[in-house]
Every structure is written in C-alpha cells, then in structure tokens.
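Okay, structure first, notes after.
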Amino acid sequence: MTEQHLAGAEQYHILLVEDDDGDALLVEELLHDTDLPHTLARCRTAAEARTALLAGPVDCVLLDLHLPDASGVDTVQAVQTDTPAAIIVLTGLDDARAGVDSLAAGAQDYLIKGKVEPDLMQRAVRYAVQRKQAERANAALQIGRLRAEENARLERGLLPEPLLSSASVRASSRYYPGRAQALLGGDFLDVVQTEDGQVHAIIGDVSGHGPDAAALGVCLRIAWRALTLGGHRDRQLLHLLEQIHTAERAVSDLFTTCTLITLEPDAATLTLHLAGHHEPLLLTPDGAQEVSAGHGVALGIAPGLGKWPRTTLELPRRGALIAYTDGLVEGYAGNTGHRLGVDGLLSIVGSVTTADPDAHLDRLIAETRTLNADRHTDDLAVLRLDWNLDAHIPVAAAGNAV
C-alpha cells in the first residue's frame, strides 16, 4: 500500500491495463458507480504498465490477460515483478480457468468481465489491496526470521563457548553489532586452555561489515582455535593466520587486526602479540591502566612481511585484562564532539565499582553506548579475563593428585 494508506487516508490509486476501449469504458463506469475513493490511470500494453508502475505509487492493477505484448498467465508475471501493488485479473466468460491460474501466479483476485457489479468491484479492490499488504507483511516477517537465524549461526561461529577448565581464570565477553537488524560484522573472540594449563585468547576485527567480514571472522576464529590446540604459538601462529586470511578473504583490501593473549598461571605471566590492534586494559586493586605493548602490522596489510613483537607482563595475584575492538572507544563522549578514546574508557572503568565481571562489562558497555547515543555504529566486542592466582593449582601438582 502507498504511504497514504499507511497514514490512514483512504485513496486508492488504480491502474487499468486494457487494450480494448469498450472494456476499459465499462471498468471506468463500474468504478465511478462505487463509493471507492480512487484515481484511475490506463495503459494499453504490459510495457506501458511497467513504465507507469515505476513512475508513481499504485495500489491496485486491474489487468486484462490478453494484451498486444503479453497473454495469459505470463501477463501477470510480466507486471508483478515491477510493483508491490495488488493485481486483479480481468477475464472473459470463456476464460475463467485462466483467472484461477493467475491466482497461483501471484494475482490477488480475478473478475469475469460482464459479471461484475459496482459492489463486487469495490469489495474486490479493497480486499485485494488488504491481501497484498498482508502478503508483504508476512514476507517481511519471514525475512526477519531468516536474518535472525543467520545472525544466530554467525554468532555461534564468532562467539563460541570458551574451552576453559581452570578454577583460577574466568572469561567473560560481550558482542554488539553496529547497526540494528544488521548482520554481525567481522569482530570475533575465543578462549581455550591447553593441557599445560596455559590460557590462550584472541580478539580480532576484520575490516568492514556484512557477510564477507563475518565469514572471514568465523574462518579466522576457527583456524585460531585449531592451530592453538595443535601447538602453534606466537609469531608462527600469526603467520599461519595471515596465510589463511589472505586465502579466504573475498576482496583484496580486507585486513584484520587482532590481539593474541597467553596467560600462564604457573609462571604468573601474561604474553601479548598485537597485530594492528590497540593495547588492552589491565585492572588491578590499584586501578585500571592501558598496557604498554609492542605493535605489529595488521594481518593482510603486508602478507609475509609482518613482525609482531612479544610483550610479557608479570601478573599480580589478582586482576583482570580487558581486550576490546575499536567500537568501544570510537563512539562519542557525550555532547563534547570528541571521541571517547582510551582516556574516556579508563574513566568509565574507574567509575564502575561492581566486582562481578559480567555486571562490570554490562555497565561499561551501557555507559559508552549512552554517551555515544548511536552516532557511531561500529561493531563492538569485549573480552575480559579475570584471574586469582591464589586459587591456582600448578599443573604438576594437579597431575600428581590424579
């Protein structure tokens, strides 16, 4: 239906597609004798009808099945691809079967010429338009369901369940797509623990949005998990991920920033490799600060030439690390006109006092999104790793206990 109908104003824009002047006059008189508020335009061929449908809003098409350039059910198919309008087919007395076939082809109703009274014409137009509106609403609902299912499948690929068995380390994460009802973007994260007790994590951001970025993000996340569990580490792992990135990306200008994290409870150390990604935040009882770490180039920028320095930190007995994609800091800081940035993020982190990691992430993200007020629409992923080394059982001791 047109915007007028959606706004509640009843005015039907009707297009008559009829090459016979006598039949056209009869339809015009029938419509005149109804109480239906309408405007009427006429075309003589299917080609003219397609042009008219593209030129302006039409609520209902009264379509003769036998035109100079189209005939039978093909006439319906020739017209309906160019319009969201309802279609009522006009058939002859000896051609009623064609009307039924037209319904199967997508028409909303059919009328037999010479057997139509004004009341029937009025009801047919109203009901056809309502049915078309219902069909479009159902189609939109189905698209929404399919999109939700697709997002759910992508989310399972981008945000898997952590493989984490340590009682001394806890992982929490959040993900928000940048646009409402949009496909998930290329942000991804994962956490696994290997047999030596080390906890490995990755957070990454494929440039761009949509299915290409999301598919590449899923591919890299799965590859990282498999390679990490297979024993690959550090720069070697990043080289392998870059090879996969280059082979799997849909277009040559896609690149990926990421951070590799290795937490070793036995040694009380944490190792970082940054590939074009910003530094994470370290939370301790003394407060929050940005980690100072070496940088390397993003994956896919200069394939085969990347150098990713290793940064190792000594861990406090209790603390947390927050790694995030740039959607968390590139939003605006209220009405200042400036981006939030790391300093703004640290200020928010310091103001959130809850000790629960999940609640902390929820409040942190809520604050940043409120300040931004939807003015920046990048995807946002956050990974928080909490540890308590006082509760840690060394791998050797655990093995002896078994």
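Pairs only if they're at least six apart or on different chains, beta carbon under 7 angstrom, first in segment 56-83 and touching a residue at least 12 places away in the same chain (Cβ under 8 Å), second assigned to a strand (DSSP E or B) and among the aromatic types (Phe, Trp, Tyr); list them, first residue then second.
59/12; 60/12
Filter segment 273-288 down to residues that are surrounded by 15 or more Cβ atoms within 10 Å (Cβ to Cβ) and at negative phi, then give me how many there are.
11
Identify the residue in segment 15-30 that is assigned to a loop (DSSP other than H, G, I, E, B) and open to solvent by 50 Å² or more (accessible area, probe 1.4 Å) and, among all such residues, is farthest from residue 69 (Cα to Cα).
It comes out as 20.
Within segment 31-82, how many residues turn out to be hydroxyl-bearing (Ser, Thr, Tyr), farther than 18 Å from residue 119 by Cα, open to solvent by less than 40 Å² (accessible area, probe 1.4 Å) and outside any helix (DSSP H, G or I)?
1
For segment 115-135, name all the residues that are surrounded by 13 or more Cβ atoms within 10 Å (Cβ to Cβ) and either free of Cβ contacts under 8 Å to residues at least 12 places away in the same chain or under 31 Å from the mean Cα position of the chain (by Cα) (or both).
120, 123, 130, 131, 132, 133, 135
Out of 179, 170, I need the residue that is modelled with pLDDT of 95 or more and open to solvent by 50 Å² or more (accessible area, probe 1.4 Å). Which one?
170
Inside segment 302-322, can you point out the residues that are of a type in the set (A, V, I, L, M, F, W, C) and either surrounded by fewer than 15 Cβ atoms within 10 Å (Cβ to Cβ) or part of a strand (DSSP E or B) (or both)?
Listed by number, the residues that qualify are 302, 305, 313, 320, 321, 322.
Filter segment 324-339 down to the residues that are part of a loop (DSSP other than H, G, I, E, B) and open to solvent by less than 20 Å² (accessible area, probe 1.4 Å), then identify the one that is farthest from residue 373 (Cα to Cα).
By that ranking, first place goes to 325.
List, please: which pairs have Cβ atoms under 7 Å, are six or more places apart or on different chains, and start with a residue in segment 183-203 that is modelled with pLDDT of 95 or more and end with one that is surrounded by 24 or more Cβ atoms within 10 Å (Cβ to Cβ) and in a loop (DSSP other than H, G, I, E, B)?
203/325
The values are calculated or read from the model by the stated rules, or taken from the named source; none is laboratory data. This is a predicted model, so every value here is computed, not measured. Ideal geometry is used to build each Cβ from the backbone, glycine not excepted, and the neighbour counts take in all protein chains shown. Ligands, DNA and RNA are stripped out before the accessible areas are found, and what is left, the full protein with its side chains, is counted by its heavy atoms. Shrake-Rupley method; radii C 1.70, N 1.55, O 1.52, S 1.80 Å.
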